[in-house]
Amino acid sequence: IAICQNALPYSWNNQSLTFAGTYTTVLKNINGCDSTVTLNLIVNPNIASSQKITICQNALPYSWNSQSLTAAGSYTTLLQNINGCDSTVTLNLVVYPNVTSTQNIAICQNALPYSWNNQSLTAAGTYTTVLQNINGCDSTATLNLIINPNVTSTQNITICQNALPYSWNNQTLTATGTYTTVLKNINGCDSTA
């Protein structure tokens, strides 16, 4: 006789058998004579196993043994092994989160094109890319790119000759002409005067 482990103890001829083996008992047959009966008891083990599975958040729900799992945790199910005995399987489900991040970057106009995550950006705007984080899960990065303009201004100044030399933006001017200097505006960008 083959039984499953969870059927122990096995009751046989007024004996309570607790493990596999060969058991013998002497009974009386119909004629009142000794009848030796031998039992070969086979005990098929119940099996317990566990597995650890790691997935990314966007893989939820996760299907496992007719269950739809929606969160990380420990899940157990009871199956039948090849011998028809109970097989308890435990799943330790680890869920790595998807990550999102947002960056606000302000640059000067003369810094264009701006290189970001293998993209060459030529204008202000909101840009998004999907990368892989350290766990191999989606990491959505968003960039809010602000372009501060470079500024130019022109000033016409008329002076009398006896006002020379004329001091302008740390320059000493000694004659009529067009002079240029590059300053920084309030955003730190070039301001050509």
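Take ASN148 and tell me if it is touching a Cys at 6+ places or on another chain (Cβ under 9 Å), of a type outside the set (D, E, K, R), touching a residue at least 24 places away in the same chain (Cβ under 8 Å) and open to solvent by less than 50 Å² (accessible area, probe 1.4 Å). For ASN148, the condition - touching a Cys at 6+ places or on another chain (Cβ under 9 Å), of a type outside the set (D, E, K, R), touching a residue at least 24 places away in the same chain (Cβ under 8 Å) and open to solvent by less than 50 Å² (accessible area, probe 1.4 Å) - is met. Across region 137-152, the number of residues qualifying as touching a strand residue (DSSP E or B) at 6+ places or on another chain (Cβ under 7 Å) and part of a loop (DSSP other than H, G, I, E, B) comes to 2.
Residues considered: VAL26, VAL37. Of these, the only one that is among the hydrophobic types (A, V, I, L, M, F, W, C) and in contact with a Leu (Cβ under 7 Å, 6 or more places away or on another chain) is VAL37.
Listed by first and then second residue, the pairs linking a residue in region 63-74 that is closer than 14 Å to TYR96 by Cα and touching a residue at least 40 places away in the same chain (Cβ under 8 Å) to a residue that is of a type in the set (Val, Ile, Thr) and assigned to a loop (DSSP other than H, G, I, E, B), with Cβ atoms under 7 Å apart and 6 or more places separating them unless they lie on different chains, form an empty list.
ALA141 passes every criterion in (1) loosely packed, with under 15 Cβ neighbours inside 10 Å; (2) more than 30 Å from GLN5 (Cβ to Cβ) apart from (1). Filtered by the rule that a residue be open to solvent by 80 Å² or more (accessible area, probe 1.4 Å) and either in a strand (DSSP E or B) or in contact with a helix residue (DSSP H, G or I) (Cβ under 9 Å, 6 or more places away or on another chain) (or both), region 1-20 gives SER11, SER16. Every test in (1) open to solvent by less than 40 Å² (accessible area, probe 1.4 Å); (2) in contact with a Ser or Thr (Cβ under 7 Å, 6 or more places away or on another chain) is passed by TYR96 save one, and that test is (1). Taking region 26-51 as the range and being loosely packed, with under 10 Cβ neighbours inside 10 Å and either on the phi > 0 side of the Ramachandran plot or touching a residue at least 12 places away in the same chain (Cβ under 8 Å) (or both) as the test, the residues that pass are GLY32, THR36, THR38.
For region 127-136, the set of residues classified as assigned to a strand (DSSP E or B) and in contact with a Pro (Cβ under 9 Å, 6 or more places away or on another chain) is empty. Being among the polar types (S, T, N, Q) and farther than 30 Å from ASN98 by Cα is a description that does not apply to THR122. Of a type outside the set (D, E, K, R), over 30 Å from PRO61 (Cβ atoms), within 36 Å of the chain's Cα centre (by Cα) and open to solvent by 70 Å² or more (accessible area, probe 1.4 Å): is that true of THR126 in this structure? For THR126, the condition - of a type outside the set (D, E, K, R), over 30 Å from PRO61 (Cβ atoms), within 36 Å of the chain's Cα centre (by Cα) and open to solvent by 70 Å² or more (accessible area, probe 1.4 Å) - is met.
In the condition set (1) of a type in the set (Gly, Ala, Ser); (2) under 29 Å from CYS4 (Cα atoms); (3) open to solvent by less than 60 Å² (accessible area, probe 1.4 Å); (4) without any contact (Cβ under 8 Å) to a residue 24 or more places away in the chain, ALA111 is compliant with all but (2).
The values are calculated or read from the model by the stated rules, or taken from the named source; none is laboratory data. Owing to the predicted nature of the structure, the values given are computational and were not obtained by experimental measurement. FYI the Cβ positions are ideal-geometry reconstructions off the backbone, even for glycines, and counts take in every protein chain you see. Protein only, heavy atoms only, side chains kept; ligands, DNA and RNA dropped before computing areas. Shrake-Rupley method; radii C 1.70, N 1.55, O 1.52, S 1.80 Å.
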